[in-house]
(Lines give C-alpha, C1' and ligand atoms only; values in the text may rest on other atoms or scores of the structure.)
Protein backbone atom coordinates (compact mmCIF):
# COMPACT_ATOMS: atom_id res chain seq x y z
CA UNK A 1 0.00 0.00 0.00
CA UNK A 2 1.36 3.40 -1.06
CA UNK A 3 0.47 6.37 1.16
CA UNK A 4 0.01 9.73 -0.55
CA UNK A 5 -0.10 12.98 1.42
CA UNK A 6 -2.57 15.46 -0.09
CA UNK A 7 -3.58 18.97 0.91
CA UNK A 8 -6.78 18.82 2.98
CA UNK A 9 -8.57 21.67 1.19
CA UNK A 10 -8.16 24.43 -1.36
CA UNK A 11 -7.42 24.59 -5.09
CA UNK A 12 -4.49 22.17 -4.93
CA UNK A 13 -6.69 19.65 -3.10
CA UNK A 14 -9.42 19.90 -5.74
CA UNK A 15 -7.05 19.54 -8.69
CA UNK A 16 -5.24 16.62 -7.04
CA UNK A 17 -8.48 14.76 -6.37
CA UNK A 18 -9.57 15.33 -9.97
CA UNK A 19 -6.31 13.82 -11.22
CA UNK A 20 -6.73 10.80 -8.95
CA UNK A 21 -10.32 10.30 -10.06
CA UNK A 22 -9.39 10.62 -13.75
CA UNK A 23 -6.70 7.99 -13.12
CA UNK A 24 -9.45 5.58 -11.94
CA UNK A 25 -8.41 5.78 -8.29
CA UNK A 26 -11.74 5.80 -6.51
CA UNK A 27 -12.28 6.69 -2.86
CA UNK A 28 -15.26 7.17 -0.58
CA UNK A 29 -14.91 10.77 0.56
CA UNK A 30 -18.34 10.97 2.17
CA UNK A 31 -16.86 10.87 5.66
CA UNK A 32 -14.38 13.55 6.72
CA UNK A 33 -11.51 11.19 7.51
CA UNK A 34 -7.82 12.05 7.63
CA UNK A 35 -6.83 8.72 6.04
CA UNK A 36 -8.84 7.17 3.21
CA UNK A 37 -8.05 3.99 1.26
CA UNK A 38 -8.85 3.39 -2.38
CA UNK A 39 -10.96 0.37 -3.29
CA UNK A 40 -9.64 0.25 -6.86
CA UNK A 41 -5.88 0.73 -6.38
CA UNK A 42 -3.37 -0.03 -3.57
CA UNK A 43 -3.05 3.55 -2.26
CA UNK A 44 -4.30 5.46 0.74
CA UNK A 45 -4.68 9.22 0.94
CA UNK A 46 -3.50 11.14 4.01
CA UNK A 47 -5.04 14.61 4.21
CA UNK A 48 -2.72 17.21 5.76
CA UNK A 49 -2.06 20.94 5.87
CA UNK A 50 0.03 21.91 2.86
CA UNK A 51 3.00 23.02 4.98
CA UNK A 52 3.07 19.65 6.79
CA UNK A 53 3.37 17.57 3.61
CA UNK A 54 7.14 17.99 2.92
CA UNK A 55 8.06 16.85 6.44
CA UNK A 56 5.58 13.96 6.34
CA UNK A 57 7.19 12.65 3.15
CA UNK A 58 10.79 13.24 4.27
CA UNK A 59 10.23 11.37 7.56
CA UNK A 60 8.31 8.47 5.99
CA UNK A 61 4.89 9.23 7.49
CA UNK A 62 3.79 9.37 3.85
CA UNK A 63 5.53 7.69 0.92
CA UNK A 64 4.79 10.43 -1.58
CA UNK A 65 3.08 13.79 -1.43
CA UNK A 66 1.48 16.31 -3.76
CA UNK A 67 2.42 19.81 -2.67
CA UNK A 68 3.05 23.28 -4.02
CA UNK A 69 6.64 23.92 -5.06
CA UNK A 70 6.60 27.04 -2.88
CA UNK A 71 5.95 24.97 0.27
CA UNK A 72 8.53 22.36 -0.67
CA UNK A 73 11.26 24.96 -1.23
CA UNK A 74 10.31 26.93 1.89
CA UNK A 75 10.49 23.91 4.18
CA UNK A 76 13.73 22.59 2.70
CA UNK A 77 12.97 18.96 3.60
CA UNK A 78 15.05 16.10 2.19
CA UNK A 79 12.78 14.44 -0.38
CA UNK A 80 12.91 13.65 -4.09
CA UNK A 81 10.99 15.60 -6.72
CA UNK A 82 9.32 12.80 -8.67
CA UNK A 83 7.27 14.79 -11.16
CA UNK A 84 6.12 18.31 -11.94
CA UNK A 85 2.35 18.14 -12.28
CA UNK A 86 1.66 21.28 -14.33
CA UNK A 87 -1.31 22.54 -12.29
CA UNK A 88 -1.99 24.86 -9.34
CA UNK A 89 0.42 27.35 -10.86
CA UNK A 90 1.19 30.58 -9.04
CA UNK A 91 4.13 32.84 -8.22
CA UNK A 92 5.77 34.28 -5.13
CA UNK A 93 6.12 38.01 -5.54
CA UNK A 94 7.02 41.20 -3.75
CA UNK A 95 4.17 43.72 -3.67
CA UNK A 96 4.13 47.32 -2.47
CA UNK A 97 1.47 50.03 -1.98
CA UNK A 98 0.04 51.10 -5.33
CA UNK A 99 0.90 54.77 -4.88
CA UNK A 100 4.65 54.14 -4.42
CA UNK A 101 6.92 55.17 -7.30
CA UNK A 102 8.98 51.98 -7.62
CA UNK A 103 12.46 52.35 -9.14
CA UNK A 104 13.99 48.95 -8.44
CA UNK A 105 15.07 46.43 -5.81
CA UNK A 106 16.93 49.09 -3.84
CA UNK A 107 13.52 50.34 -2.66
CA UNK A 108 13.36 47.36 -0.25
CA UNK A 109 16.53 48.37 1.59
CA UNK A 110 15.63 48.86 5.26
CA UNK A 111 11.95 48.09 4.70
CA UNK A 112 9.77 45.77 6.80
CA UNK A 113 8.40 42.94 4.65
CA UNK A 114 5.50 40.74 5.82
CA UNK A 115 5.47 37.14 4.58
CA UNK A 116 4.59 33.53 5.28
CA UNK A 117 7.67 32.40 3.33
CA UNK A 118 10.65 33.81 5.27
CA UNK A 119 13.27 31.35 4.01
CA UNK A 120 12.63 31.95 0.31
CA UNK A 121 12.50 35.70 0.93
CA UNK A 122 15.71 35.81 3.00
CA UNK A 123 17.58 33.85 0.34
CA UNK A 124 16.38 36.29 -2.33
CA UNK A 125 17.32 39.34 -0.28
CA UNK A 126 20.76 37.90 0.50
CA UNK A 127 21.40 37.10 -3.17
CA UNK A 128 20.60 40.72 -4.04
CA UNK A 129 22.53 42.28 -1.11
CA UNK A 130 19.41 43.84 0.40
CA UNK A 131 19.04 44.38 4.14
CA UNK A 132 15.39 44.28 5.17
CA UNK A 133 13.34 43.32 8.21
CA UNK A 134 11.42 40.12 7.49
CA UNK A 135 8.23 39.98 9.55
CA UNK A 136 6.71 36.47 9.63
CA UNK A 137 2.93 36.25 9.82
CA UNK A 138 0.36 33.62 8.89
CA UNK A 139 -3.02 34.22 7.36
CA UNK A 140 -3.90 37.38 5.49
CA UNK A 141 -0.47 38.75 4.63
CA UNK A 142 -1.91 41.23 2.12
CA UNK A 143 -3.49 43.45 4.83
CA UNK A 144 -0.15 44.09 6.60
CA UNK A 145 0.69 47.40 4.83
CA UNK A 146 -2.80 48.86 5.36
CA UNK A 147 -2.63 48.29 9.13
CA UNK A 148 0.97 49.57 9.29
CA UNK A 149 2.35 46.16 10.24
CA UNK A 150 4.78 46.24 7.32
CA UNK A 151 5.86 48.44 4.41
CA UNK A 152 5.21 45.74 1.81
CA UNK A 153 4.55 42.02 1.43
CA UNK A 154 6.02 38.86 -0.10
CA UNK A 155 3.25 36.40 -0.88
CA UNK A 156 1.59 34.02 -3.33
CA UNK A 157 0.00 35.66 -6.37
CA UNK A 158 -2.34 33.84 -8.74
CA UNK A 159 -4.54 36.32 -10.59
CA UNK A 160 -3.48 39.45 -8.69
CA UNK A 161 -7.05 40.25 -7.66
CA UNK A 162 -6.28 40.15 -3.94
CA UNK A 163 -3.45 42.67 -4.40
CA UNK A 164 -5.73 45.09 -6.24
CA UNK A 165 -8.38 44.76 -3.53
CA UNK A 166 -5.78 45.73 -0.91
CA UNK A 167 -4.35 48.65 -2.92
CA UNK A 168 -1.09 46.82 -3.69
CA UNK A 169 0.88 46.23 -6.87
CA UNK A 170 3.21 43.40 -7.81
CA UNK A 171 6.73 44.65 -8.57
CA UNK A 172 9.08 41.63 -8.42
CA UNK A 173 8.44 37.95 -9.20
CA UNK A 174 10.82 35.97 -7.01
CA UNK A 175 9.72 32.43 -7.78
CA UNK A 176 7.24 30.58 -10.00
CA UNK A 177 5.51 27.59 -8.47
CA UNK A 178 3.39 24.61 -9.49
CA UNK A 179 2.22 21.36 -7.94
CA UNK A 180 4.94 18.76 -7.39
CA UNK A 181 4.86 15.08 -6.58
CA UNK A 182 7.60 14.49 -4.01
CA UNK A 183 8.76 11.14 -2.65
CA UNK A 184 10.54 9.62 0.30
CA UNK A 185 14.12 8.63 -0.55
CA UNK A 186 13.79 5.11 0.87
CA UNK A 187 10.79 3.60 -0.92
CA UNK A 188 10.65 -0.19 -0.92
CA UNK A 189 10.66 -2.07 -4.22
CA UNK A 190 6.98 -2.93 -3.73
CA UNK A 191 5.99 0.70 -3.17
CA UNK A 192 8.13 1.84 -6.10
CA UNK A 193 6.25 -0.58 -8.35
CA UNK A 194 2.91 0.89 -7.20
CA UNK A 195 4.28 4.40 -7.74
CA UNK A 196 5.41 3.54 -11.27
CA UNK A 197 1.90 2.35 -12.15
CA UNK A 198 0.43 5.47 -10.56
CA UNK A 199 2.73 7.69 -12.63
CA UNK A 200 1.78 5.76 -15.77
CA UNK A 201 -1.88 6.57 -15.08
CA UNK A 202 -1.13 10.20 -14.29
CA UNK A 203 0.86 10.55 -17.51
CA UNK A 204 -1.98 9.06 -19.56
CA UNK A 205 -4.38 11.59 -18.05
CA UNK A 206 -2.01 14.56 -18.47
CA UNK A 207 -1.13 13.58 -22.06
CA UNK A 208 -4.82 13.76 -22.99
CA UNK A 209 -5.30 17.26 -21.57
CA UNK A 210 -5.97 19.84 -24.25
CA UNK A 211 -6.09 17.19 -27.00
CA UNK A 212 -8.92 16.26 -29.39
CA UNK A 213 -9.40 13.24 -31.62
CA UNK A 214 -10.38 14.31 -35.13
CA UNK A 215 -11.93 12.28 -37.96
CA UNK A 216 -12.43 13.81 -41.39
CA UNK A 217 -12.93 12.92 -45.04
CA UNK A 218 -10.34 14.29 -47.49
CA UNK A 219 -9.77 14.07 -51.25
CA UNK A 220 -6.94 11.65 -52.00
CA UNK A 221 -4.97 14.31 -53.89
CA UNK A 222 -4.92 16.45 -50.72
CA UNK A 223 -3.76 13.77 -48.25
CA UNK A 224 -0.12 14.90 -48.21
CA UNK A 225 -1.15 18.53 -47.66
CA UNK A 226 -3.46 17.53 -44.79
CA UNK A 227 -0.71 15.36 -43.23
CA UNK A 228 1.48 18.44 -42.95
CA UNK A 229 -1.25 20.11 -40.89
CA UNK A 230 -2.21 16.98 -38.93
CA UNK A 231 0.96 15.01 -38.17
CA UNK A 232 -0.76 12.96 -35.44
CA UNK A 233 1.13 11.05 -32.75
CA UNK A 234 3.30 9.15 -35.26
CA UNK A 235 1.30 9.73 -38.43
CA UNK A 236 -2.42 9.99 -39.24
CA UNK A 237 -4.50 6.86 -39.83
CA UNK A 238 -5.86 6.82 -43.39
CA UNK A 239 -8.69 4.54 -44.55
CA UNK A 240 -10.07 4.49 -48.14
CA UNK A 241 -13.76 5.34 -48.50
CA UNK A 242 -16.23 3.57 -50.79
CA UNK A 243 -16.54 6.84 -52.67
CA UNK A 244 -13.73 6.84 -55.21
CA UNK A 245 -11.03 9.45 -54.73
CA UNK A 246 -11.73 10.01 -51.01
CA UNK A 247 -10.27 8.73 -47.75
CA UNK A 248 -11.07 9.02 -44.06
CA UNK A 249 -8.29 10.40 -41.87
CA UNK A 250 -7.94 10.02 -38.08
CA UNK A 251 -5.54 12.14 -36.01
CA UNK A 252 -5.00 14.09 -32.77
CA UNK A 253 -4.92 17.89 -32.52
CA UNK A 254 -4.24 20.40 -29.79
CA UNK A 255 -7.21 22.37 -28.49
CA UNK A 256 -5.08 25.55 -28.54
CA UNK A 257 -4.77 25.45 -32.34
CA UNK A 258 -8.14 23.80 -33.01
CA UNK A 259 -9.94 26.56 -34.93
CA UNK A 260 -6.86 27.57 -36.90
CA UNK A 261 -6.37 23.97 -38.06
CA UNK A 262 -10.07 23.47 -38.86
CA UNK A 263 -10.02 26.52 -41.16
CA UNK A 264 -6.98 25.17 -43.02
CA UNK A 265 -8.58 21.71 -43.38
CA UNK A 266 -11.76 23.18 -44.86
CA UNK A 267 -9.69 25.22 -47.30
CA UNK A 268 -8.11 21.95 -48.49
CA UNK A 269 -11.53 20.45 -49.15
CA UNK A 270 -11.98 18.36 -45.98
CA UNK A 271 -15.58 17.35 -45.21
CA UNK A 272 -17.49 15.56 -42.45
CA UNK A 273 -15.12 16.74 -39.73
CA UNK A 274 -15.84 15.03 -36.40
CA UNK A 275 -14.07 16.12 -33.20
CA UNK A 276 -14.12 13.87 -30.11
CA UNK A 277 -12.76 14.50 -26.58
CA UNK A 278 -9.88 12.26 -25.45
CA UNK A 279 -10.15 10.80 -21.95
CA UNK A 280 -6.71 9.12 -21.74
CA UNK A 281 -3.70 9.00 -24.04
CA UNK A 282 -1.03 6.29 -23.72
CA UNK A 283 2.12 7.19 -25.66
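The values are calculated or read from the model by the stated rules, or taken from the named source; none is laboratory data. These figures come from a predicted structure and were not determined experimentally. Cβ: placed from backbone, ideal geometry, glycine included. Neighbour counts: every protein chain shown.
What are the pairs with Cβ atoms under 6 angstrom where one residue, in segment 204-221, is modelled with pLDDT of 90 or more and the other, located anywhere, is assigned to a helix (DSSP H, G or I)? Sequence gap at least six, or different chains.
218/226
Looking only at residues that are part of a helix (DSSP H, G or I) and touching a helix residue (DSSP H, G or I) at 6+ places or on another chain (Cβ under 8 Å) in segment 58-90, which one is nearest to residue 196 (Cα to Cα)?
As a first pass, look at segment 58-90 and keep what is part of a helix (DSSP H, G or I): 58, 69-75.
When the remaining residues are screened for being touching a helix residue (DSSP H, G or I) at 6+ places or on another chain (Cβ under 8 Å), the result is 70-75.
Details: 70: 25, 71: 24, 72: 22, 73: 24, 74: 27, 75: 26 Å.
It comes out as 72.
Which condition number in (1) closer than 18 Å to residue 220 by Cα; (2) touching a helix residue (DSSP H, G or I) at 6+ places or on another chain (Cβ under 6 Å); (3) part of a strand (DSSP E or B) is the one that residue 269 fails?
(3) is the only condition that residue 269 fails.
Which members of segment 101-117 meet the condition of being touching a residue at least 12 places away in the same chain (Cβ under 8 Å) and either in a loop (DSSP other than H, G, I, E, B) or assigned by TED's automatic domain parsing to the domain that holds residue 183 (or both)?
Residues satisfying the conditions are 102, 109, 110, 111, 116, 117.
May I ask you to list the residues in segment 197-236 that are in contact with a strand residue (DSSP E or B) (Cβ under 7 Å, 6 or more places away or on another chain) and farther than 30 Å from residue 25 by Cβ?
Answer for segment 197-236, where residues must be in contact with a strand residue (DSSP E or B) (Cβ under 7 Å, 6 or more places away or on another chain) and farther than 30 Å from residue 25 by Cβ: 215, 216, 217, 218, 219, 220, 223, 226, 230, 236.
Can you work out which of the residues in segment 126-136 that are in contact with a strand residue (DSSP E or B) (Cβ under 9 Å, 6 or more places away or on another chain) and either surrounded by fewer than 16 Cβ atoms within 10 Å (Cβ to Cβ) or not assigned by TED's automatic domain parsing to the domain that holds residue 160 (or both) is farthest from residue 163 (Cα to Cα)?
Start the filter on segment 126-136 by keeping residues that are in contact with a strand residue (DSSP E or B) (Cβ under 9 Å, 6 or more places away or on another chain), which leaves 132-136.
From the residues that got through so far, the ones that are either surrounded by fewer than 16 Cβ atoms within 10 Å (Cβ to Cβ) or not assigned by TED's automatic domain parsing to the domain that holds residue 160 (or both) too are 133, 136.
Values: 133: 21, 136: 18 Å.
Checking each candidate, the answer is 133.
Which residue is farthest from residue 100 (Cα to Cα), if the candidates are limited to segment 137-161 and must be buried (at least 18 other Cβ atoms within 10 Å of the Cβ) and without any contact (Cβ under 8 Å) to a residue 60 or more places away in the chain?
141
Search segment 15-44 for residues being surrounded by 15 or more Cβ atoms within 10 Å (Cβ to Cβ) and farther than 19 Å from residue 206 by Cβ, and hand back the single one that is modelled with the lowest pLDDT.
Filtering segment 15-44 for residues that are surrounded by 15 or more Cβ atoms within 10 Å (Cβ to Cβ) and farther than 19 Å from residue 206 by Cβ, the one modelled with the lowest pLDDT comes out as 27.
Looking at 82, 120 in this structure, which one is assigned by TED's automatic domain parsing to the domain that holds residue 198, surrounded by 14 or more Cβ atoms within 10 Å (Cβ to Cβ) and modelled with pLDDT of 95 or more?
Working: 120 fails: assigned by TED's automatic domain parsing to the domain that holds residue 198.
So the residue among 82, 120 that is assigned by TED's automatic domain parsing to the domain that holds residue 198, surrounded by 14 or more Cβ atoms within 10 Å (Cβ to Cβ) and modelled with pLDDT of 95 or more is 82.
For residue 194, state whether it is touching a strand residue (DSSP E or B) at 6+ places or on another chain (Cβ under 8 Å) and touching a residue at least 12 places away in the same chain (Cβ under 8 Å). First the steps, then the outcome.
On the way: touching a strand residue (DSSP E or B) at 6+ places or on another chain (Cβ under 8 Å): yes; touching a residue at least 12 places away in the same chain (Cβ under 8 Å): yes.
Criteria met by residue 194.
Which of the residues belonging to segment 167-187 are surrounded by fewer than 19 Cβ atoms within 10 Å (Cβ to Cβ) and not in a strand (DSSP E or B)?
Selection gives 167, 178, 185, 186, 187.
Being under 21 Å from residue 70 (Cα atoms) and either outside any strand (DSSP E or B) or out of contact with any strand residue (DSSP E or B) (no Cβ under 8 Å at 6 or more places or on another chain) (or both) is the filter here; which residues of segment 144-166 pass it? So that I can check it myself, show each step before the final result.
Just the residues of segment 144-166 that are under 21 Å from residue 70 (Cα atoms), to begin with: 144, 152-163.
Once the filter is applied, which keeps residues that are under 21 Å from residue 70 (Cα atoms) and either outside any strand (DSSP E or B) or out of contact with any strand residue (DSSP E or B) (no Cβ under 8 Å at 6 or more places or on another chain) (or both), segment 144-166 yields 144, 158, 159, 160, 161, 162, 163.
With the requirement that a residue be in a strand (DSSP E or B) and surrounded by fewer than 12 Cβ atoms within 10 Å (Cβ to Cβ), what does segment 238-253 give you?
If we filter segment 238-253 for residues that are in a strand (DSSP E or B), which is where we start, we get 238-240, 246-253.
239, 240, listed by residue number.
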